[in-house]
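Single-structure report; data block below.
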Amino acid sequence: MKLATLANGSRDGVLVVVSKDLTQCSAVGHIAPTLQSALDNWSVCGPRLGRVAQSLERGSQPIQRFHERDVLSPLPRAYQWLDGSAYVNHVELVRKARNAEMPESFWTDPLMYQGGSDSFLAPRAPIVFDNEAYGIDMEGEVAVVVDDVPMGASREESLEAIRLIMLVNDVSLRNLIPAELSKGFGFMQSKPSSTFSPVAVSPEELGNAWRDGKVHLPLNVDYNGEPFGRADAGIDMTFDFGVLISHAAKTRNLRAGTIIGSGTVSNKSGDDPGKPINDGGVGYSCIAEIRTIETINNGKPTTEFMKFGSKVRIEMLDAQGKSIFGAIEQEVKAPAV
């Protein structure tokens with residue numbers, strides 16, 4: 001099952017079920033007006049939405065043309081957005097760039113922060129800032145949306161609560177991060193609104209690619225029209241989604257609609273921390289990583305952070321080369337005068 005939120009002038013949009021090939025959709029206001037409404041009553045709404053998805057594939061469901069440019073993020077706003085750092089290779093590299101020590105506990109205890117969730121960017125919306133000097137970066141990630149999760153839930157209970165999976169561009173302002181973290185608090189200003197894929201999919205939609213609490217497929221990140229990252233989301237993921245959700249629920253109940261992010265997808269290349277695609281590696285899901293590699297190899301970074309006019313595309317393809325979630329496509333722009 002694939003779900004999306006069409007823009008209709010309201011903050012929360014309108015929920016639709018989308019065909020597997022992302023070309024058609026069907027309105028489901030008679031089941032739930034919004035995705036959050038469906039999540040709030042998933043035991044009833046989930047099966048009904050699944051039946052609509054089946055009817056849509058059989059051609060026995062009222063349809064309209066689906067365009068990715070017409071959607072908001074599946075959840076345009078959420079009660080909670082928690083982003084982890086499940087790929088410890090990424091954490092290690094980024095901390096090296098800040099000359100920060102890597103505690104041994106990072107390999108056994110997940111990192112996680114609570115991001116702003118009151119307003120997510122649409123998947124084709126521009127990334128707007130008034131200053132390139134902030135160090136604008138993209139971060140390609142995977143995220144899950146959960147049903148109610150009780151405080152103290154186990155990994156297995158947490159995995160059972162996963163209802164939907166999405167892709168993420170967790171926009172980061174790298175040059176603001178050190179000063180924020182030096183205060184012993186944060187992130188806040190350095191983590192503006194994130195962006196989610198046009199479509200959220202149920203775990204069974206991924207087939208065997210969804211196993212062990214991980215998505216075992218490459219995350220395609222293109223930067224300014226060129227391949228930048230092809231890291232496999234199922235490789236080098238130190239903490240699977242069951243562990244991340246259980247970690248988040250240690251001292252709190254998680255309510256339906258909570259989003260849990262994986263952190264930047266990152267793979268090692270043998271004994272190397274990571275290689276660019278042009279050098280036979282799988283590349284990177286953010287600019288900060290390649291800058292760290294450049295610093296390690298050459299003493300200083302040479303790849304600049306995103307500028308006005310820079311473009312990023314984040315997508316994941318199935319075994320047949322077809323888009324699963326649709327594509328996040330964004331351009332960095334200055335505010336309109």
quick shape note, segment 179-337: Cα extents on principal axes in Å, largest first -> 44, 42, 42
For segment 182-337, the per residue accessible area (1.4 Å probe, Å²) is 45 Å²
Contact order relative to length for the chain, counting C-alpha pairs under 8 Å separated by 6 or more residues, stands in percent at 22 percent
Magnitude of the Cβ-charge dipole (Lys and Arg +1, Asp and Glu -1) of segment 191-318 about the Cα centre, nearest 20 debye, reported as 620 debye
Site Lys20, offset 7 angstrom along Cα→Cβ, radius 12 Å on amide nitrogen, limited to segment 176-220, gives 205-207
Expressed in nanometres to one decimal, the distance between label points 7 Å along Cα→Cβ at Asn253 and Gln320 is 4.2 nm
Residues meeting the amide H criterion for Arg211 (H placed from the backbone, H to H distance under 5 Å, 5 or more places apart or on another chain) are His216
In this structure, among Lys183/Lys300; Lys214/Lys322; Lys268/Lys300; Lys2/Lys214, pairs with alpha-carbon gaps over 22 Å are Lys183/Lys300
Ordering Glu101, Glu329, Glu180 by the accessible surface of their heavy atoms, 1.4 Å probe, largest first, yields Glu101, Glu329, Glu180
Descending packing, highest mean Cβ count within 10 Å first, for 216-225, 4-13 is 216-225, 4-13
Yeah, segment 275-337 with a ≥ b ≥ c from its alpha-carbon gyration tensor (a/c under 1.5 is rounded, else prolate when a/b outruns b/c, oblate otherwise) is oblate
Per GNM of the chain with C-alpha springs under 10 angstrom, the most fluctuating residue out of Pro198, Pro123, Pro276 is Pro276
Once phi for every residue in segment 303-320 is put through the Karplus expression 6.51 cos²θ - 1.76 cosθ + 1.60 (θ = phi - 60°), the whole-Hz ³J(HN,Hα) values, with Gly and Pro written as x, are 7, 7, 6, 5, 10, 4, x, 5, 10, 10, 10, 10, 7, 9, 10, 7, 5, 8
Whole-Hz Karplus couplings 3J(HN,Hα) for segment 187-196, θ = phi - 60° and coefficients 6.51, -1.76, 1.60, Gly and Pro as x, run 6, 8, 5, 7, 10, x, 4, 8, 10, 10
dims of segment 18-94, Cα set, principal axes, largest to smallest, nearest Å -> 51, 27, 20
With T = 10 °C, eta = 1.306 mPa s and Kirkwood Rh from C-alpha pairs, the Stokes-Einstein D of the chain in µm²/s is about 79 µm²/s
If each part is reduced to its alpha-carbon centroid, segment 12-31 and segment 51-80 end up apart, in Å, by 2 Å
So Thr302 and Arg11, fully extended at 0.36 nm per residue minus their Cα-Cα distance, gain in nm 100.7 nm
Mean separation of Cα contacts under 8 Å (at least 6 apart) over the residue count of segment 209-296, i.e. the relative contact order in percent, is 27 percent
Quick calc: nm separation of the 7 Å Cα→Cβ label points for Gln80 and Ala100 -> 2.3 nm
Rounded to the nearest 5, the percent of DSSP beta bridges in segment 168-311 running antiparallel is 100 percent
About its Cα centre, the chain carries a charge dipole, from +1 on Lys and Arg Cβ atoms and -1 on Asp and Glu Cβ atoms, whose size in debye to the nearest 20 is 660 debye
Expressed in angstrom and ordered largest first, the alpha-carbon extents of segment 181-222 along the principal axes are 44, 24, 21
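The values are calculated or read from the model by the stated rules, or taken from the named source; none is laboratory data. None of the values given here were measured: they were computed from a predicted structure. Don't worry about glycine lacking a Cβ; one is built from the backbone with ideal geometry, like all the others, and counts go over all protein chains shown. Remember, those area values only see protein heavy atoms, side chains included, never the ligands or the DNA or RNA. Shrake-Rupley method; radii C 1.70, N 1.55, O 1.52, S 1.80 Å.
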